[in-house]
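The values are calculated or read from the model by the stated rules, or taken from the named source; none is laboratory data. Predicted model, so just to flag it, every value in this text is computed and none were measured. Every residue, glycine among them, receives a Cβ derived from its backbone with ideal geometry; neighbour counts consider all protein chains shown.
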Ligand SMILES: Nc1ncnc2c1ncn2[C@@H]1O[C@H](COP(=O)(O)OP(=O)(O)OP(=O)(O)O)[C@@H](O)[C@H]1O
Ligand SMILES: [Mg+2]
């Protein structure tokens, strides 16, 4: 593959997904705010495997921040550090002005960080609605027993949460599958339900790990539209891991590029797509 064709692929997306046409994100200046999250000098290893080496970048409020890189680059590990699943050996994380050595999953969730997973993590035997309801758990104030017995204040609260989830179902245009067990749904719809579950937590920062993987062009277009709508209508900040460069270039405000656990580039889509180190990484050019 020539250097030009790699650049073209990064411009258009290359594969089946590349035909996805989406609206460009708003100009960053018009809506992007102050820094919401900053990771500084993060290093993470598993035994001898260095998943992340001295990574620093920030995410600003209302931004769609893409994290890209070849397989094994450390992208999912980075999201796992941000939401506290992994604890880095070095570095610090500043979220909403509070600096920590490491996040804890419950801290992250309570403070408005939600995520979707690279491999769908839903309750396959439960309906779409019930899966989305699980995203409301941290919002529930009444004791579990009250909810389970559907009694007293628990009943009122349950109704309010259900109404909230029904609004998400309408927003994501999945009314027709609201009662179907998610295990019976095609893959693309399961991904949409997972987005719904994350949205049910009313996140301030949403971490999306390959939300369009395995989707056909039409499903990708829909998912892009939902991501842009969530960002636009709810003001949700997003970190987005995605392999389809057409999608990344179309919808993200800024892109951070990882390769072998190191940060290779960071900038606007135009800046990273013309960065020689990035082009080399996608061509598989050997490192010194
Ligand atoms: N829990 C773990 N235990 C051991 N090694 C891990 C663990 N999680 C990640 N790694 C290793 O860290 C490196 C980065 O993995 P990671 O999953 O973050 O990459 P990625 O960029 O998300 O790749 P992909 O595009 O394939 O999803 C890999 O070498 C991986 O094997
Ligand atoms: Mg990954």
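Here is how the numbers come out for the structure above:
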read-out: Odd one out for residue 109, checked against (1) over 30 Å from residue 270 (Cβ atoms); (2) touching a helix residue (DSSP H, G or I) at 6+ places or on another chain (Cβ under 9 Å); (3) within 15 Å of ligand 1 (Cβ to nearest atom); value: (3)
read-out: Where residue 183 falls short, out of the listed (1) within 12 Å of the chain's Cα centre (by Cα); (2) more than 16 Å from ligand 2 (Cβ to nearest atom); value: (1)
read-out: Enumeration of residues in the range 195-211 that are within 16 Å of ligand 1 (Cβ to nearest atom) and either surrounded by fewer than 20 Cβ atoms within 10 Å (Cβ to Cβ) or closer than 25 Å to residue 158 by Cα (or both); value: 210
read-out: Condition check for residue 249: at pLDDT 90 or above and touching a strand residue (DSSP E or B) at 6+ places or on another chain (Cβ under 6 Å); value: no
read-out: The range 80-124, residues that are in contact (Cβ under 8 Å) with a residue 60 or more places away in the chain, farther than 20 Å from residue 237 by Cα and within 16 Å of ligand 2 (Cβ to nearest atom); value: 120, 121
read-out: Odd one out for residue 25 among (1) closer than 22 Å to residue 265 by Cα; (2) at pLDDT 95 or above; (3) touching a helix residue (DSSP H, G or I) at 6+ places or on another chain (Cβ under 6 Å); value: (2)
